[in-house]
Amino acid sequence: MELNLKLMVFVFGIVCTGLTAGLCFTWTNTITTGLSKVDDLTFLKSFQAMNRTILNPTFFVVFLSPVFTLFINAFLHKNDNLNSFWMFLIAAILFFVGIGLITVFKNVPLNEILDKTMLENLSKLELKTLRTQFEKPWKFWHDIRTITSFLAFFLLLIGLINNK
């Protein structure tokens, strides 16, 4: 198998998409589910800590690079198997909308509100209110990210199989 730009872009895109889908699945399946069982202050402090920790160069490369590489991959495969091209293009669109846009316009604004809040200064009622305003919408939008990242990964695999 010849190592070329098309192959490198595809492999990098599929690996980062798979890692992102796994990360989203883990948050949906364990982290948000586990945190739903703790008190308001513990929930909010835990989310603050995890949101601050996750923002690192490795995360940004893995989480955001498919927004670009999946479109490049589709373009590089435009003259290959037509079914594969469409699978790759739909995967790119799903990832762009489901991870890129939803993250930027839905989850990040909620994370920023939480990040700027001095939780220790809030009353129990204020903590409960903040949690209510944060938890349900964050989880809803994150569930959409989980589904779309999985579908994008699945379509990349189907496109790979069709391209053989």
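Just so it is clear, none of the values below were taken in a lab; they were calculated from the coordinates. Note that the structure is a prediction, hence the values are computed from the model and not measured. FYI the Cβ positions are ideal-geometry reconstructions off the backbone, even for glycines, and counts take in every protein chain you see.
Could you work out which residue, out of Met118, Met87, Met50, moves most in a Gaussian network model of the chain, that is, has the largest mean-square fluctuation with Cα springs under 10 Å?
Met118
Using the basic label-point model (7 angstrom from Cα toward the beta carbon), what is the Phe75 to Leu157 distance in nanometres?
According to this spin-label approximation, the distance is 2.8 nm.
Using a Gaussian network model on the chain with a 10 Å cutoff between Cα atoms, which of Gly100, Gly34, Gly22 fluctuates the most?
Among Gly100, Gly34, Gly22, the largest mean-square fluctuation in the Gaussian network model of the chain belongs to Gly34.
At a Förster distance of 35 Å, what's the computed FRET efficiency of Leu7 paired with Leu101, Cβ-Cβ distance as r, to 0.05?
For Leu7 and Leu101, the calculated efficiency is 0.80.
Highest GNM mean-square fluctuation, the chain, Cα pairs closer than 10 Å: which of Thr146, Thr20, Thr129?
Highest fluctuation among the options: Thr129.
Add -39500 (n - 2.57) for each DSSP H run of 4 or more in the chain, then divide by its residues: what number comes out at 222 nm, to the nearest 500 deg cm²/dmol?
After summing the helix terms and dividing by the residues of the chain, the value is -25500 deg cm²/dmol.
In the range 77-164, which chymotrypsin sites (Phe, Trp or Tyr not before Pro) are in a loop and have at most 12 other Cβ atoms within 10 Å, using DSSP for the loop call?
Hits after loop and neighbour filter: nothing returned.
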